[in-house]
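The values are calculated or read from the model by the stated rules, or taken from the named source; none is laboratory data. Note that the structure is a prediction, hence the values are computed from the model and not measured. Cβ sites come from the backbone with ideal geometry, for glycine too, and all protein chains shown count toward neighbours. Note: accessible area is taken over every heavy atom of the protein model, side chains too, but ligands, DNA and RNA are not part of it. Shrake-Rupley method; radii C 1.70, N 1.55, O 1.52, S 1.80 Å.
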Amino acid sequence: MLDDSLGIYGTQPTGHLELAARIDGYDLADLTRVLEVDRSAVRLRTLRGSGFVIPVGLLPVTQAATRAKNARAFAGFVRRGLAEPYETWAGRIEELLAGGPLAAADIRAALDAGPDAGMIRYVISVMAAENRIVAATTTGGWRSDRTTFARWDDWLPGVDVWSMEEGPAQVELARAYLDRHGPATVADFAFWSGLTKTRAQRAVAEVAQPLTGDYWATSAPADDDPPPLRLLPIWDVLFVTYRDRDRFVAPEHYSLVYDASGNATSVVLREGRAAGVWDLGTDDRHVEIQVAAFAGFTPSEWLSIDAEAARIGDLIGAESVRIVRRDGPIDLTAAPRNRFMRPLRAE
C-alpha cells in the first residue's frame, strides 16, 4: 500500500488508521516492523514539508525533488535566530548520535545549549530536511509521535538520496504521481508535492498526456470499483492527494471536511465519496466512536460502520466499542483552530 500511494501521512494515529482501513488483518506492529526492523520505509518531512511515511525505494526521487524547498523552510529562521552557528550545533548533534538514536529532549539536554536551547528543535528539523539525520524509533503508544533520531548513514546505510538532480527528480516524481493517482491536474500535483505551479507544470508536461479539460495522465484511467464503506482518519492520504476535491467531496460539504487551513478531518467514506464525519475519542479501553452523516445512512450502512468500529477496537485491543450517532457535523472553516482533529467532540 505504501508503494501504491507513494507513501502515507505519517502523523499518528493517522498512519495506523490509514493502513487498517485498507489492509485486512493489519496489526499495529506491522508499521513498526517496516519502519524500525526492516527499515523499508522511513518517516520524514518531505512532500510539501509534511510528515509522511515513504518507501525507501522512492527516497532518491522524493528527496531530490523537494529537499531544497524543505530545507529553506527553517534554514533562514535558524541561521538568523542562533547565537552559535548552525553548523556548530549540527556537528555536535551528529557526534551525540554516534552512540545511537536519541530523542529530541535528550539531544537538547545533552547539548546544554544555553540561549540557543529553544532553537535546537529547529536545528533538528533542518538536519532532517538535509537528510543528515532521520526519525528512527517511536516511543509511547499507538497515538504517539515521539521519535528518536539517528544519523542517516547509521540508520539507512547504503540508501543514497543524493544520486539525482532536482529537475530530473521532479519529472520522475510527476511520473510516479500520475501513474498512481492520475488522471489529475497540474494543481493537484503541485498541491501534493509542494512544488511551485511552474515547476509542477514543467514536470507534468515531460511525462503525461493531456486529457479532457485540465486533467493529465500517463495511461488510461483505471476502471476500479469504488471502495467499501470505510472510516478514514484525519489527513488520510486520499484527502491530501488532490487539490481538486470534487471527485470525493461534494462542494456543499467542503467546510464539513476541511478547515480554513485545508486540514482534512476524519471522514466516513461511502462508495468513494465523503458521506459523513466521525470522531475517535481519547479512551483506548472503552472506545466511543461518534458518527454524523451528511444526509443519513441506511440500516445496512450503519451495520458497516459498526463493523469498521469493531476493526478499530480489535486493532488497539479495546475492551469495548460503542457507536454514538450524532446530528449533522459543524462548519470546520468557522471552528477554532485544530477542531478538525476532534470534529464531533462536545463543546
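In table form, for the structure just shown:
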| quantity | calculated |
| --- | --- |
| Filter result (surrounded by fewer than 17 Cβ atoms within 10 Å (Cβ to Cβ) and in a strand (DSSP E or B)) within region 286-322 | His286, Glu288, Ser320, Arg322 |
| Selection within region 271-285 - part of a strand (DSSP E or B) and open to solvent by less than 20 Å² (accessible area, probe 1.4 Å) | Ala274, Ala275, Gly276, Val277, Trp278, Asp279 |
| Count of residues meeting criterion [closer than 17 Å to Glu95 by Cα and assigned to a loop (DSSP other than H, G, I, E, B)] in region 126-155 | 3 |
| Qualifying position, being open to solvent by 50 Å² or more (accessible area, probe 1.4 Å), farther than 30 Å from Arg48 by Cβ, assigned to a helix (DSSP H, G or I) and not β-branched (Val, Ile, Thr), among Ala98, Ala73 | Ala98 |
| Close pairs from region 257-275: first farther than 15 Å from Asp244 by Cβ, partner acidic (Asp, Glu) and assigned to a strand (DSSP E or B), Cβ under 7 Å, at least 6 apart | Ser266/Asp279 |
| Unique match (being open to solvent by 20 Å² or more (accessible area, probe 1.4 Å) and closer than 30 Å to Arg285 by Cα) among Gly140, Gly81, Gly118, Gly158 | Gly140 |
| Filtered residues of region 205-236 (kept if of a type in the set (Asp, Glu) and modelled with pLDDT of 85 or more) | Glu206, Asp214, Asp236 |
| Asp3, sole failed condition from (1) touching a residue at least 24 places away in the same chain (Cβ under 8 Å); (2) open to solvent by 30 Å² or more (accessible area, probe 1.4 Å); (3) touching a Pro at 6+ places or on another chain (Cβ under 9 Å); (4) under 17 Å from Trp155 (Cα atoms) | (4) |
| Scan of region 31-57 for residues that are in contact with a helix residue (DSSP H, G or I) (Cβ under 7 Å, 6 or more places away or on another chain), part of a helix (DSSP H, G or I) and at pLDDT 90 or above, ordered by number | Leu31 |
| Residue match in region 182-201 (condition: surrounded by fewer than 15 Cβ atoms within 10 Å (Cβ to Cβ) and not in a helix (DSSP H, G or I)) | yes |
| Any hit, region 55-76, residues being touching a strand residue (DSSP E or B) at 6+ places or on another chain (Cβ under 7 Å) and closer than 30 Å to Ala307 by Cβ | yes |
| Selected residue (criterion: nearest to Asp106 (Cα to Cα)) from residues of region 143-152 that are at pLDDT below 95 and open to solvent by 50 Å² or more (accessible area, probe 1.4 Å) | Arg146 |
| Residue list for region 332-347, restricted to those being part of a loop (DSSP other than H, G, I, E, B) and either open to solvent by less than 70 Å² (accessible area, probe 1.4 Å) or touching a Cys at 6+ places or on another chain (Cβ under 9 Å) (or both) | Ala335, Asn338, Arg342, Pro343, Leu344 |
| The one condition in (1) part of a helix (DSSP H, G or I); (2) in contact with a Ser or Thr (Cβ under 9 Å, 6 or more places away or on another chain); (3) farther than 28 Å from Ser163 by Cβ that Ala110 fails to fulfil | (2) |
| Check on Gly57, within 19 Å of the chain's Cα centre (by Cα) and surrounded by fewer than 16 Cβ atoms within 10 Å (Cβ to Cβ) | yes |
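Each row is one residue, and each column tells you yes or no for (1) within 18 Å of Met1 (Cα to Cα); (2) under 24 Å from the mean Cα position of the chain (by Cα); (3) of a type in the set (Ser, Thr, Tyr).
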{"residue": "Gly182", "(1), (2), (3)": "yes, yes, no"}
{"residue": "Phe189", "(1), (2), (3)": "no, yes, no"}
{"residue": "Gly194", "(1), (2), (3)": "no, yes, no"}
{"residue": "Lys197", "(1), (2), (3)": "no, yes, no"}
{"residue": "Ala203", "(1), (2), (3)": "no, yes, no"}
{"residue": "Val207", "(1), (2), (3)": "no, no, no"}
{"residue": "Thr241", "(1), (2), (3)": "yes, yes, yes"}
{"residue": "Glu252", "(1), (2), (3)": "no, no, no"}
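Yes/no matrix, rows are residues, columns are (1) open to solvent by 20 Å² or more (accessible area, probe 1.4 Å); (2) under 15 Å from Leu344 (Cα atoms):
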| position | (1), (2) |
| --- | --- |
| Arg230 | yes, no |
| Asp236 | no, no |
| Thr241 | no, no |
| Glu252 | yes, no |
| Val257 | no, yes |
